[in-house]
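Read the structure below first, then the notes.
Laboratory data are not the source of any read-out in this text; all were calculated from the coordinates shown. Everything quoted here is computed from the prediction, not taken from an experiment. Here the Cβ positions follow ideal geometry from the backbone for every residue, glycine too, while neighbour counts run over all protein chains shown.
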Amino acid sequence: MEHIETIVVGAGVAGLAAARLLAQAGRRVVVLEARDRVGGRVCTDRADGLVTDLGASWIHGITANPVAEAAEAFGLPTVEFTVGGYQPDSRPIAYYGPSGERLGDDAARAFADDVRVVDAALLTAVAASKADDSYLHVTETALASQGWGDERSERVREFLQHRSEEQYGAGIEDLAAHGLDDDFIDGDEVVFPNGYDQLPGRLAAGLDIRFDHVVTRVRWSTKGVSVTTPGGTLTADNAVVTVPIGVLQSTDFTIEPALPEPNAGALGRLTMNAFEKVFLRFASKFWDDEVYAIRQQGPEGRRWHSWYDLTALHGTPTLLTFAAGPVASEIREWSEQQVVDSVLAQLRRLYGPRAEQPTRVDITAWQDDPFAHGSYAYMIPGSTTADHDDLATPIGGVLHIAGEATWTDDPATVTAALCSGHRAASNILHREIPIAQVWAAL
Ligand SMILES: Cc1cc2nc3c(=O)[nH]c(=O)nc-3n(C[C@H](O)[C@H](O)[C@H](O)COP(=O)(O)OP(=O)(O)OC[C@H]3O[C@@H](n4cnc5c(N)ncnc54)[C@H](O)[C@@H]3O)c2cc1C
């Protein structure tokens, strides 16, 4: 039986960051990866010469962000695109009112101001919330305190509902009151015109990664770990498990003995979301110039309310929209044409017949991916923000859980994944490692 110092399960950004730091420190590390590629939920498609990030797109705030620092150190080009955090403004957005008419600048500004007023009231409502309260509950509290009329309240209510769906892939009643606490964006946001997968590609260089190795069981004791795949069992002094929590919660992946507290309780209060991307490429651009995004208000926007203009990235007229939360579940069985027809019906409300059939469509299916079970984790009512860090509490001195869901300070992101891998390596080496080591040469 092959014995290794550290086995890392999963070659996403968390696993690669941990493996790299441990290898740099001279440890014998093997990464076991179920897929035939690195990157996990950072995944770029290049069919027809078009770069399409099917997983993560954005660095949500480049200030003091290690992913931005890594991208710069690796020389990866980025383009500013500061609307990834469901901001009401900050960059030009074309707003359409419930009737389908474009809002004037004053009306759009007044609406964004209303969102900011309610956001400020939300801080108080969230701070006063009870453990089991949902984001819907605190939203209603914050709205009620304004004393506004129905129409004005409804526009902000639907915005906050859509924000919960787009930011966390969760219906507003399913997300914990504290579920957006750490959704803070510091600085500009950027995307990767040449593909986000260049980042894990660079992190993977020089590592011993075994592809098509689906781990089914991890056994641990204070003496070490054994990790089983259909091809056999490897033993190691310790392991870093970075599979998404959807995999951890499934019966396809067992940990023996079962996770202790606080890990088990924390895992039970997090869940994978439903969040899919829909890319539409068109022969010609029919929407407004000089806007980062298009948003429509009102009941017609129940499914499709926001479109992001990616044209500047590659020169091909492209809109990205999201099927987020309940809508992602709803369209799960739909054909591609059903999705396109449904999205186009809304674009035609706004732009008329100029919104022609797209020339290419890409729709993701992360919900059905057995190595993801969704796009990222969110907090259900009853959870606390500390559940993320608690999930990473070292087990028996040998088992370390990492990944986006285990980082409290900006969960659900590539940044969280990278930081969690760095923490796992620091815990194994029993010393602080400068974060910049993650992108230093192997
Ligand atoms: C559609 C979408 C949009 C997103 N948008 C953004 C964004 O704009 N910005 C942002 O910062 N983040 C975004 N994210 C989230 C971001 O992609 C993730 O938080 C991050 O990539 C997670 O990294 P990870 O290493 O924790 O997990 P993963 O990347 O999931 O890595 C885990 C690895 O484990 C492997 N694995 C799973 N099961 C097994 C098994 N049984 N045996 C062996 N290996 C296994 C997987 O194949 C995978 O490679 C998005 C994600 C999605 C899906």
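Worth pointing out:
- Per-residue ellipticity at 222 nm from helix content only, as computed over the chain with -39500 (n - 2.57) for each DSSP H run of at least four residues, stands at -9000 deg cm²/dmol.
- Close amide H partners of A176, meaning residues 5 or more places away or on another chain with modelled amide H under 5 Å apart, are Y135, M379, I380.
- 0 to 90° range, to nearest 10: angle between helix 135-144 axis and the chain longest Cα axis: 30 degrees
- Cα-based reach from K285 at 26 Å (exclusive), listing lysines while leaving out same-chain residues under 8 positions away: K277
- Cα centroid separation, the stretch 1-49 to the stretch 315-378 (Å): 30 Å
- Normalised by the number of residues in the stretch 293-416, the average gap of Cα pairs under 8 Å and 6 or more apart makes the relative contact order 12 percent.
- A simple rule links phi to the HN-Hα coupling: the Karplus curve 6.51 cos²θ - 1.76 cosθ + 1.60 with θ = phi - 60°, which for the stretch 205-222 gives 4, x, 8, 8, 10, 9, 7, 6, 10, 8, 6, 10, 8, 10, 9, 9, 8, 5 Hz, with x for Gly and Pro.
- Crossing angle, helix 13-24 versus the chain [Cα axis fit, 0-90 degrees, rounded to tens]: 30 degrees
- Packing-based ranking, highest mean first, of 145-157, 305-317 given that Cβ atoms within 10 Å are counted: 305-317, 145-157
- Residue by residue, the stretch 280-287 carries 3J(HN,Hα) couplings of 10, 10, 10, 5, 9, 8, 10, 9 Hz when phi is fed to the Karplus relation 6.51 cos²θ - 1.76 cosθ + 1.60 (θ = phi - 60°); x denotes Gly or Pro.
- In this structure the amide hydrogen of G224, modeled in the peptide plane, comes within under 5 Å of no amide hydrogen from residues 5 or more places off or on another chain.
- Under the shape rule built on the C-alpha gyration tensor, where the axes satisfy a ≥ b ≥ c, the stretch 26-70 is oblate, since a/c reaches at least 1.5 while a/b does not exceed b/c.
- Förster-model FRET efficiency, 30 Å R0, L123 and R152, C-beta, rounded to 0.05: 0.90
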